[in-house]
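Here's the structure, in structure tokens; my notes come after.
The values are calculated or read from the model by the stated rules, or taken from the named source; none is laboratory data. All values derive from a computational prediction rather than experimental measurement. Backbone-built Cβ (ideal geometry, glycine too); neighbour counts: all protein chains shown.
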Amino acid sequence: MSSLNDGIEGFIPVSKLTAEYIKVPADAFKVGDEVPAVVTEIDQNNRKIYLSVVDYFKNRESAELKAWMDSHKPGESGTTIGEATAPKKKATKKKAAEKPAEEAAAEEAK
């Protein structure tokens, strides 16, 4: 439990203190330890804010991953793996029926 301004209490459930299992907070923390946390829920009626250390680090990892992914989008660095491994298309000759009328008339005039 943490006291915040204006009599609002900040509460971190034991399951949200660490990613590893602990029975009681004293197993991993001392009174007065400062921990990074994010707000996960606001209970206006009881003037409580629920916090999570675990979600703080998940969000941080997600933000770092998103930033990395945004800086490494496919196609921005040149050829993609899909383009590099795609089978090469063979050049085909157009059949007379596929040629435009003007090309066909020019060939017949020769």
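So here's what we get for this one:
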quantity: Checking Met1 against (1) at pLDDT 70 or above; (2) surrounded by fewer than 10 Cβ atoms within 10 Å (Cβ to Cβ); (3) in contact with a strand residue (DSSP E or B) (Cβ under 9 Å, 6 or more places away or on another chain), the condition it does not meet; calculated: (1)
quantity: Subset of the stretch 33-49 that is on the phi < 0 side of the Ramachandran plot and in contact with a helix residue (DSSP H, G or I) (Cβ under 8 Å, 6 or more places away or on another chain) - its residue that is surrounded by the most Cβ atoms within 10 Å (Cβ to Cβ); calculated: Ala37
quantity: Scan of the stretch 4-32 for residues that are basic (Lys, Arg) and either surrounded by fewer than 12 Cβ atoms within 10 Å (Cβ to Cβ) or modelled with pLDDT under 85 (or both), ordered by number; calculated: Lys23, Lys30
